[in-house]
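Following: one structure in structure tokens, then a few remarks.
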Amino acid sequence: MSITKEEVIHVAHLARLEFSEEELERFAEQLADILSYVEKLGELDTSNVEPTYHALKLTNVFREDEVKESLPTEEALANAPERENGFFVVPKVIK
Amino acid sequence: MEWHKLPLAAQLEKLRAGEVESLALTRALLERIKEKDSRIKAFLKVTEEEALAAAEEADRKRRAGEERPLLGLPLAIKDNICTRGITTTCASKILANFVPPFDATVVERLKEAGAVILGKTNLDEFAMGSSTENSAFFPTKNPWDPSRVPGGSSGGSAAAVAAGFCSGALGSDTGGSIRQPASFCGVVGLKPTYGRVSRYGLVAFASSLDQIGPLTRTVKDAALLLQYIAGHDPKDSTSAPEEVPDYLAALKTDLKGKKIGVPKEYFGEGLDEEVRQKVEDALRIFREELGLETKEISLPHTPYAVATYYIIAPAEASSNLARYDGVKYGLRVEADDLIEMYKKTRSQGFGPEVKRRIMIGTYALSAGYYDAYYKKASQVRTLIARDFEEAFREVDFIIGPVAPTPAFKLEERVDDPLKMYLSDIYTISVNLAGIVGLSLPCGFSKEGLPVGLQIMGPHFSEPQTLALGHQFEEILKLYEKYPEI
């Protein structure tokens with residue numbers, strides 16, 4: 001199993017990460033190692049096996065749509081790197 | 001009086017009897033931390049002021065005749081569990097200054113029960129690791145041998161209990177993160193059934209696998225803490241609406257004649273000879289002294305557990321960690337546009353292991369690969385869960401080692417992620433199946449390193465599993481042994 005540098009760059013973009021040249025090479029190698037190891041799952045025939053996404057047989061949980069106390073805006077924003085008038089501030093999106 | 005040598009139950013007894021006040025006990029432990037933690041580095045933050053205030057408050061309540069089940073009892077909390085007004089960093093630079101505006105449900109419940117919180121313990125960044133070396137701040141040392149790792153990711157909590165900085169702490173376990181450090185540090189660690197304990201306020205790593213549990217000196221203490229953190233929570237829709245039984249009362253359950261399955265896959269290649277020996281010695285005790293039966297069983301899909309886990313956990317992590325975007329909380333690295341800001345923030349904020357897992361997860365979930373990796377792994381997860389279901393039709397418990405080796409040396413495995421992942425080989429299946437896993441000491445290696453034993457039980461078998469662990473620990477009484485630090 002090998003992974004190209006271009007693939008690493010593509011996945012990094014999807015994950016909103018960026019790497020130096022040196023890191024890209026190291027990651028390509030390590031990812032390839034890990035994915036090769038994972039390929040052993042291919043030895044198993046799972047054609048009629050339902051996937052498990054959750055360990056307990058819980059179904060959807062519903063509750064009444066009632067108004068309850070929530071975090072005050074000030075507290076919810078207290079950890080924001082930048083805030084203004086009760087809003088989070090981000091760099092300009094529309095040019 | 002060496003207060004730090006007393007297990008929680010004994011500390012509580014002395015508090016109730018008025019033989020010690022919470023303030024004195026809390027002070028004694030804070031002193032010990034101040035004196036010795038520079039060698040161990042178990043704590044990321046010691047909340048001295050808050051702890052002393054909480055201890056005084058506990059003493060006031062006791063004098064006023066107010067009873068609470070854990071009144072005045074000092075505990076530590078892993079730093080990926082939110083504490084109102086106290087930084088919760090996940091040992092990551094991206095959350096270095098994050099101060100939660102709320103308590104996790106487990107913290108709220110412990111406070112309600114009267115516990116005193118001493119501080120927040122170190123971990124592998126976002127609980128991703130098996131040695132606590134992935135902490136962005138500093139590694140924690142093993143109290144039995146400071147040249148070795150305490151295990152991970154709850155290495156700070158395990159080391160704190162082993163070093164006598166506290167007799168109980170909370171950790172979290174996604175693939176062995178409570179049980180493996182407990183084993184490396186010679187303490188008890190319980191991963192409860194998935195959904196037994198609310199995850200509200202536990203910073204999410206892999207939501208279908210994460211579970212909070214206690215690390216303590218004795219199994220009895222693990223039962224004591226579980227009692228007050230377990231139970232359904234409307235704030236966590238994955239918490240189970242099951243009754244919480246009386247775990248302490250259940251410790252006396254008569255288990256004679258019950259059956260223990262010994263999975264042959266847990267004793268194969270890669271298992272250290274001394275660990276094998278200690279676990280086999282323990283099995284003899286279960287048979288000869290406790291009157292249980294043991295029989296060999298097979299969990300045939302065990303060899304696929306690590307591969308399954310290292311798709312599912314990173315996939316869930318890549319999605320959960322998308323929230324660290326420099327907008328709502330945590331680090332922000334300024335840039336001209338939004339995408340650049342995300343990339344710079346995340347690249348500077350996350351450490352190498354976290355990035356590695358985000359990359360694996362993103363790859364496994366990306367277009368064209370989803371079926372081959374994520375779906376495939378989720379199907380194999382079904383097979384692993386079925387192995388346990390079938391085994392538990394024949395046996396009541398499954399017993400094996402916790403980790404293939406005792407604690408390894410610092411830096412020994414940091415450059416080889418795959419080798420690090422393989423140290424979780426015996427603990428991962430329990431998370432994939434959502435069952436109970438209890439790690440407890442069963443001996444020491446020739447080098448004086450603790451060796452752990454794992455008892456696995458079906459969903460919601462905490463009463464029986466803890467009972468078996470308790471009856472075993474009362475024979476060897478390994479909890480009386482303390483490392484010199």
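The figures follow:
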| read-out | value |
| --- | --- |
| Filter result for B:GLU390 (free of Cβ contacts under 8 Å to residues at least 24 places away in the same chain, more than 10 Å from every other protein chain (Cβ to nearest Cβ), on the phi < 0 side of the Ramachandran plot and surrounded by fewer than 17 Cβ atoms within 10 Å (Cβ to Cβ)) | yes |
| Some residue of region B:402-416 being assigned to a helix (DSSP H, G or I), of a type outside the set (Asp, Glu) and either crowded, with 22+ Cβ neighbours inside 10 Å or touching a residue at least 40 places away in the same chain (Cβ under 8 Å) (or both) | no |
| Residue in region A:13-35 that is modelled with the highest pLDDT, counting only those that are in a helix (DSSP H, G or I) and within 7 Å of chain B (Cβ to nearest Cβ) | A:LEU14 |
| Positions within region B:87-105 being of a type outside the set (Lys, Arg) and outside any loop (DSSP other than H, G, I, E, B), in sequence order | B:ILE94, B:LEU95, B:THR105 |
| Residue count for region A:36-95, restricted to those that are touching a helix residue (DSSP H, G or I) at 6+ places or on another chain (Cβ under 6 Å) and more than 8 Å from chain B (Cβ to nearest Cβ) | 2 |
| Positions within region B:35-85 being among the charged types (D, E, K, R), under 30 Å from B:ASN134 (Cα atoms) and not in a strand (DSSP E or B), in sequence order | B:GLU35, B:LYS36, B:ASP37, B:ARG39, B:LYS41, B:GLU48, B:GLU49, B:GLU50, B:ASP79, B:ARG84 |
| Residue count, region B:106-126 (criterion: assigned to a helix (DSSP H, G or I) and over 18 Å from B:SER157 (Cβ atoms)) | 2 |
| The lone exception for B:VAL436 - which of (1) farther than 25 Å from B:LEU251 by Cβ; (2) touching a helix residue (DSSP H, G or I) at 6+ places or on another chain (Cβ under 7 Å); (3) within 14 Å of chain A (Cβ to nearest Cβ) it fails | (1) |
| Region B:282-297 - residue that is within 28 Å of B:VAL380 (Cα to Cα) and surrounded by 14 or more Cβ atoms within 10 Å (Cβ to Cβ) and, of those, farthest from the other protein chains (Cβ to nearest Cβ) | B:THR294 |
| In region B:163-173, the residues that are crowded, with 24+ Cβ neighbours inside 10 Å and out of contact with any strand residue (DSSP E or B) (no Cβ under 8 Å at 6 or more places or on another chain) | B:ALA163 |
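A quick yes/no check of all residues on (1) of a type in the set (Gly, Ala, Ser); (2) farther than 23 Å from B:TYR363 by Cβ:
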position	(1), (2)
A:ALA28	yes, no
A:LEU41	no, no
A:LEU44	no, no
A:LEU56	no, yes
A:PHE62	no, yes
A:ASP65	no, yes
A:SER70	yes, yes
A:PRO81	no, yes
A:VAL93	no, yes
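Yes/no matrix, rows are residues, columns are (1) more than 14 Å from chain A (Cβ to nearest Cβ); (2) buried (at least 24 other Cβ atoms within 10 Å of the Cβ); (3) over 28 Å from B:LYS34 (Cβ atoms):
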| position | (1), (2), (3) |
| --- | --- |
| B:GLY175 | no, yes, yes |
| B:PRO181 | yes, yes, no |
| B:PHE184 | yes, yes, no |
| B:ARG196 | no, yes, yes |
| B:ARG217 | yes, yes, no |
| B:ALA223 | yes, yes, yes |
| B:GLY231 | yes, no, yes |
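For (1) surrounded by fewer than 14 Cβ atoms within 10 Å (Cβ to Cβ); (2) under 19 Å from B:ARG381 (Cα atoms); (3) basic (Lys, Arg), each residue gets a yes or a no:
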residue: A:ILE3; (1), (2), (3): no, no, no
residue: A:LEU14; (1), (2), (3): no, no, no
residue: A:PHE19; (1), (2), (3): no, no, no
residue: A:GLU23; (1), (2), (3): no, no, no
residue: A:VAL38; (1), (2), (3): no, yes, no
residue: A:ASN48; (1), (2), (3): yes, yes, no
residue: A:VAL67; (1), (2), (3): yes, no, no
residue: A:SER70; (1), (2), (3): yes, no, no
residue: A:ALA76; (1), (2), (3): no, no, no
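The values are calculated or read from the model by the stated rules, or taken from the named source; none is laboratory data. In this text, all values refer to a predicted model and were calculated from it rather than measured experimentally. Cβ coordinates were reconstructed from backbone atoms using ideal geometry, including for glycine residues, and neighbour counts include every protein chain displayed.
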